[in-house]
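Participant: Let me give you the structure first, and then I'll get to my questions.
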Amino acid sequence: MFKEISINRFRSINKIDVLNLKNINLFVGSNNCGKTSILEAIFIITGVSNPKIPLTLNQFRDIDYLFDKGKNHKLIFYKMDYESGIEIKAKIRNEIRELKIGPYYEKENNETTSTFDENFFKNPYFDTLSDNKNINGLDYNFKIDKKKYKAAIYRKGILFEEKRPINYRETIIGTYVNPKSILKLLPEKLNNLIIKKKIFGIINILKKIDKNIENISIGTDNLIYCDAGLSELVPINVMGDGIIRLLSIIVTIANQRNGFIFIDEIENGLHHKTLKILWRTIFDMSREYNVQIFATTHSYECIKAFQESFLFNKHQEEKDDISLYRIAKKEKEHKAYSFTNEELEELLIDNWELR
């Protein structure tokens, strides 16, 4: 489990330290305060050896390197100044991870090299670096405790090359739940649960929203279908964003044992009554599958459901294993103010503005 993270010069964040991370972490704050950037930074250092991740995250923000030949590759750097570099440091269990991201200028020969063409980048999860006379790629220098490694991704003519250290293998895994990834990843993840005979628990959760749902299946067209008691199966795409959003989150948790999940704007597409179902499910499943959750929200109803659902699900022997972080920007530095369940309950009673 992540215990703390320090982020320097990443996107709009010059510096922020987030301490005492819990099993379930909810980030709130005003627009453009850096909530999503914090999620992205933790996601990046979860896959510390994968230099494609920053490009993937930019595509989640609708920035497409494949067609844009401008300066968008600079957007991950604070004030678009890539010379200053990005530094992310995290404590995970008893392990210290440190990552520095900077511009890539020239090829090195001490790592394995893979070559691929532009077609590789046409799926929704990757993007390409644009041509730029100042910077040709991203250079990764990372350290796990005291061991140092290097990685990079860069453009080579019309191709792209990625380098990763041959003596490092990632031991943890994280998944970023984003509207662009939901429908593409869902069939495969759902099929895993069907094979393992775990689909009935998922159906029972969905029935709390729509009692007519009797079963879920995957068609030969790779679409997900619901049996809602009608004469024909119904594609889940037409059953509303709420069902799709809830299904994607719980299916991802069930496939992510001992891992990490990142959910931006978790309330999107969900009715306030569904939020309680979602949070109660998250609390139960995060325990069952040992998954650490990081999420953001703009919604007061979501914050309230978060706190009330924790009380509903909390086991007496458990410690306070949730935390809400209010992100605020003060001059050149961001601050993360954390609130335990007890503190959050008092603030909600007093109608404090937490968003």
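The values are calculated or read from the model by the stated rules, or taken from the named source; none is laboratory data. Predicted model, so just to flag it, every value in this text is computed and none were measured. Methodologically, a virtual Cβ is constructed for each residue, glycine included, from the backbone with ideal geometry; neighbour enumeration extends over all protein chains shown.
Participant: If I filter region 41-63 down to residues being at pLDDT 95 or above and within 21 Å of residue 29 (Cα to Cα), which single residue comes out as surrounded by the most Cβ atoms within 10 Å (Cβ to Cβ)?
Facilitator: Step by step, filter region 41-63, then rank; the result is 41.
Participant: Of all residues in region 22-51 being in contact with a helix residue (DSSP H, G or I) (Cβ under 9 Å, 6 or more places away or on another chain) and part of a loop (DSSP other than H, G, I, E, B), which is farthest from residue 136 (Cα to Cα)?
Facilitator: Selected residue: 23.
Participant: With the condition kept exactly as written, say whether any residue in region 167-189 is surrounded by fewer than 14 Cβ atoms within 10 Å (Cβ to Cβ), touching a residue at least 40 places away in the same chain (Cβ under 8 Å) and more than 19 Å from the chain's Cα centre (by Cα).
Facilitator: Scanning region 167-189, I find no residue that is surrounded by fewer than 14 Cβ atoms within 10 Å (Cβ to Cβ), touching a residue at least 40 places away in the same chain (Cβ under 8 Å) and more than 19 Å from the chain's Cα centre (by Cα), so the answer is no.
Participant: Which residue out of 142, 200 is more than 25 Å from the chain's Cα centre (by Cα), aromatic (Phe, Trp, Tyr) and either at pLDDT 90 or above or surrounded by fewer than 16 Cβ atoms within 10 Å (Cβ to Cβ) (or both)?
Facilitator: 200
Participant: Sticking with this one: Just the residues that are modelled with pLDDT under 90 and either of a type in the set (D, E, K, R) or farther than 20 Å from residue 33 by Cβ (or both), please, taken from region 288-300.
Facilitator: The answer is none; no residue qualifies.
Participant: All but one of (1) over 19 Å from residue 59 (Cβ atoms); (2) buried (at least 19 other Cβ atoms within 10 Å of the Cβ); (3) touching an Asp or Glu at 6+ places or on another chain (Cβ under 7 Å) hold for residue 19, so report the exception by its number.
Facilitator: The number of the failed condition is (2).
Participant: Looking only at region 203-237, filter to residues that are at pLDDT 90 or above and of a type in the set (D, E, K, R); which one of those is surrounded by the most Cβ atoms within 10 Å (Cβ to Cβ)?
Facilitator: Selected residue: 227.
Participant: Let me ask something else about it. Pick out the one residue from 205, 209, 216 that is in contact with a Cys (Cβ under 7 Å, 6 or more places away or on another chain) and either in contact (Cβ under 8 Å) with a residue 24 or more places away in the chain or of a type in the set (Ser, Thr, Tyr) (or both).
Facilitator: 216
Participant: Taking region 40-63 as the region of interest, how many residues are more than 14 Å from residue 8 (Cα to Cα) and aliphatic (A, V, I, L, M)?
Facilitator: Counting residues in region 40-63 that are more than 14 Å from residue 8 (Cα to Cα) and aliphatic (A, V, I, L, M) gives 5.
Participant: Also, I was wondering about something else. Just the residues that are buried (at least 17 other Cβ atoms within 10 Å of the Cβ), at pLDDT 90 or above and of a type in the set (A, V, I, L, M), please, taken from region 64-110.
Facilitator: Selection gives 86, 88, 90, 92, 99, 101.
Participant: How about region 262-279: which of its residues are closer than 18 Å to residue 323 by Cβ and either among the basic types (Lys, Arg) or touching a strand residue (DSSP E or B) at 6+ places or on another chain (Cβ under 6 Å) (or both)?
Facilitator: Residues satisfying the conditions are 262, 263, 264, 266.
Participant: While we're looking at this one, here's another question. Regarding residue 163, is this residue out of contact with any Lys or Arg (no Cβ under 6 Å at 6 or more places or on another chain) and modelled with pLDDT of 90 or more?
Facilitator: yes
Participant: Being of a type outside the set (Ser, Thr, Tyr) and surrounded by fewer than 22 Cβ atoms within 10 Å (Cβ to Cβ) is the filter here, so list the residues in region 265-282 that pass it.
Facilitator: Those that are of a type outside the set (Ser, Thr, Tyr) and surrounded by fewer than 22 Cβ atoms within 10 Å (Cβ to Cβ): 265, 268, 269, 271, 272, 273, 276, 277, 280.
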